[in-house]
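The values are calculated or read from the model by the stated rules, or taken from the named source; none is laboratory data. Just so we're clear, the structure is a prediction, and the values are computed from it rather than from any experiment. Glycine gets a Cβ as well: all are built from the backbone with ideal geometry, and neighbour counts include every protein chain shown. Surface accessibility is based on the protein's heavy atoms, side chains included, excluding ligands, DNA and RNA. Shrake-Rupley method; radii C 1.70, N 1.55, O 1.52, S 1.80 Å.
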Amino acid sequence: MKTEILYGKDGLRVNLPDDSLIIEPKNLPKMEDEKEAVRKALREPIGTAPLKDLVASTDIVSIVISDITRPTPNHILVPLLIEEMDHVPLENFVIINGTGTHRDQTRDEFVQMLGEWVVDNIRIVNNKCHDKEQLVNLGKSKFGCDIYLNKDYVESDFRIVTGFIEPHFFAGFSGGPKGVMPGIAGIETIMTFHNARMIGDPLSTWGNMVNNPVQDMTREINSYCKPDFMLNVTLNREKDITQVFAGELYEAHDRGCAFAKEHSMYKCEDRFDVALVSNSGYPLDQNLYQAVKGMSAAHKIVKEGGAIIVAAECSDGLPDHGNYSKIFDMAETPQELLDMINDPEFKMFDQWQVQKQAVVQVWADVYIYSTLTDEQVRGAMLHPIDSIEQTIQDLKETYGEDMSIAVLPLGPLTIPFVEE
């Protein structure tokens, strides 16, 4: 059978054995009028007064957005937020790009994300996690680190966080407080948030919000300088808005997570020999670093000793920035990587992504279909492939003609699970 999986901007059609199981969330339709739905949510929010009633005309208003690696429809959300606060002068707004530890965005990228009018009329800053002059220390977290957040955000009078809600491989769900922590945090705070103990906790996983230390920490950090208003959405495979959640941070986010969970969970009766997974296409599959999310989703349902095939375009490379690719040079095997990262003395930003990847690799073989060179893929201890169909055919030599195959066309937009 032929099926299409999300890959880059155009998708990828693959020919698969007829008995392959397609695993994807319920395909929710685009909202009939996305803009009107957002306006309604801003005027009838969850757990708080309408947005316009909360903001004074003299307020300095910060709007936190997710960076270019996320498909949040900022070009819709941000202009509507500004429109709703039309009593506030444009010079009083600042948009803060929640890069976390990712690279800055360029002007052209901001135009792509926000539209030219916003870029021409509103001040926009990239979060600088390594620059303490651009951060404010708010005190000490119960998780053992100083709390550093973006200075423009902390010093503004009214704070808004935007984003979109989807399953997340260690925070349970994205969106909500994650826009602030780690989106606009300092590197010291982010390092604790992503340390080996936090990431390795079995409760730090897809779809779990109960006693999840990562989610607990992001909420604790937000409480030190809480957003006054949240605007989040859920999206379908076409990246269209399916629902809007606005209002008080925790209440609105909880409601959005419950909605996303209802439509993205998929129970499997047993594990599979082979799992083919996308990384949700562009923008999430821009680099191999982000593609660890797809690997982690497939890990939930592949047999120990099985095979995971990841289709991720990686148009932005490994990437070149950060430490992700460098860490692989520090060990010989995935298990050695885990041992190194789990040593309390080891601290290197981006270690969390390597840790998650190594956990998957200790469990199963991972094959990568991408635009990366074979050398780049092998440098990350993974197996490069030129054909998904041929790789599946070759794997039958290992698992037999009756090998079981699962396919996640939307990648980490789905939470497959097996009750064991």
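Positive end of the charge dipole of the stretch 286-417 (Lys, Arg +1 and Asp, Glu -1 on Cβ, about the Cα centre): tell me which of Met348, Pro416, Tyr289 has its Cα farthest that way.
About the Cα centre, the residue reaching furthest to the positive side is Pro416.
Using the Cβ atoms and a cut-off under 12 Å, what net charge is assigned to the surroundings of Phe349, where Lys and Arg are +1 and Asp and Glu are -1?
On the way: positive: Lys326, Lys347; negative: Glu188, Asp350.
Surrounding charge for Phe349 is 0.
Along the charge dipole of the stretch 25-67, pointing to its positive end and built from +1/-1 on Cβ of Lys, Arg, Asp and Glu, which listed residue (Ile46, Thr58, Asn27) has its Cα farthest out?
Projecting each Cα onto the dipole axis, the largest value belongs to Asn27.
How many angstrom separate the Cα center of the stretch 239-283 from the Cα center of the stretch 368-408?
After rounding, the separation between the Cα centres reads 26 Å.
Treat the chain as a sphere of radius equal to its Kirkwood radius over Cα pairs and apply Stokes-Einstein at 10 °C in a medium of 1.306 mPa s; give the translational diffusion coefficient in µm²/s, rounded to a whole number.
Values: Rh = 21.8 Å.
Using the Kirkwood radius from Cα pairs, D works out to 73 µm²/s.
What list of ³J(HN,Hα) couplings, whole Hz, do you get for the stretch 393-403 from phi and the Karplus terms 6.51, -1.76, 1.60, once you set θ to phi - 60° and write x for glycine and proline?
Computed from phi, the couplings for the stretch 393-403 are 4, 5, 5, 5, 5, 8, 9, x, 4, 9, 4 Hz.
Calculate, for Glu91 and Arg13, the FRET efficiency according to 1/(1 + (r/R0)^6) with r their C-beta to C-beta distance and R0 56 Å; round to the nearest 0.05. The partial results should precede the final answer.
Working: r = 49 Å, r/R0 = 0.88.
Efficiency at R0 = 56 Å is approximately 0.70.
In deg cm²/dmol, rounded to 500, what helix-only [θ] at 222 nm does the chain give when every DSSP H run of at least 4 residues adds -39500 (n - 2.57) and the total is split over its residues? Write down the numbers at each step before the final one.
Details: 16 runs with 140 residues, N = 420.
Result for the chain: -9500 deg cm²/dmol, rounded to the nearest 500.
Taking the stretch 293-334 as the region of interest, what is the percent of Cα-Cα pairs per 5 angstrom bin, listed from the shortest bin to the one with the maximum distance?
5, 17, 17, 20, 26, 12, 2
Decide, for the stretch 262-312, between rounded, prolate and oblate: order the square roots of the alpha carbon gyration tensor eigenvalues as a ≥ b ≥ c, take rounded if a/c falls under 1.5, and otherwise choose prolate if a/b is larger than b/c, else oblate.
On the way: a/c = 2.76, a/b = 1.41, b/c = 1.96.
Note, shape of the stretch 262-312 comes out oblate.
If you add up the charges near Arg13, with Lys and Arg at +1 and Asp and Glu at -1, over every other residue whose beta carbon is less than 15 angstrom from its beta carbon, what do you get? Can you show the working numbers first?
Values: positive: Lys2, Lys9, Arg237; negative: Glu4, Asp10, Glu313, Glu389.
Here the count lands on -1.
Got a sec? Charge dipole of the chain, +1 on Cβ for Lys and Arg, -1 for Asp and Glu; which of Leu138, Val118, Gly163 is way out at the positive end?
Of the candidates, Leu138 comes out farthest on the positive side.
Sort out for me the Cα centre separation of the stretch 19-87 from the stretch 311-333, rounded to whole Å.
Taking the Cα centre of each part, the stretch 19-87 and the stretch 311-333 sit 33 Å apart.
Report the charge-dipole magnitude of the chain in Debye, nearest 20, computed about the Cα centre from +1 at each Lys and Arg Cβ and -1 at each Asp and Glu Cβ.
On the way: 38 positive and 66 negative charges, 182 e Å.
With Lys and Arg at +1 and Asp and Glu at -1, about 880 debye.
Most fluctuating residue of Pro45, Pro177, Pro79 in a GNM of the chain with Cα springs under 10 Å: which is it?
Pro79
Give the peptides 327-337, 246-256 in descending order of average Cβ contacts within 10 Å, highest first. Don't skip to the answer; put the middle values down first.
Values: 327-337: 15.9, 246-256: 22.2.
Top of the packing list down: 246-256, 327-337.
What does the C-alpha gyration tensor say about the overall shape of the stretch 23-104? Classify as rounded when a/c is under 1.5, otherwise prolate if a/b is larger than b/c, or oblate. Please report the intermediate quantities before stating the final value.
Numbers: a/c = 2.32, a/b = 1.22, b/c = 1.90.
It is oblate, given that a/c is not under 1.5 and a/b is not larger than b/c.
Sort the stretch 228-277 into rounded, prolate or oblate with this rule: let a ≥ b ≥ c be the square roots of the eigenvalues of the Cα gyration tensor; rounded if a/c is under 1.5, and if a/c is not under 1.5, prolate when a/b is larger than b/c, oblate otherwise.
prolate
Sequence-distant or interchain residues sharing an amide H contact under 5 Å with Gly207, placed H: which?
Here His168, Gly172, Phe173 satisfy the definition.
With charges set only on the Cβ (+1 for Lys and Arg, -1 for Asp and Glu), what does the dipole of the stretch 369-412 come to about its Cα centre, in debye to the nearest 20? Before the final figure, lay out each step's value.
Working: 2 positive and 8 negative charges, 42 e Å.
The calculation lands at about 200 debye.
How large, in percent, is the carbon and sulfur part of the accessible surface of the chain at a probe radius of 1.4 Å? It would help to have the intermediate numbers written out before the result.
Working: 7650 of 16650 Å².
Here carbon and sulfur together make up 46 percent of the probe-accessible area.
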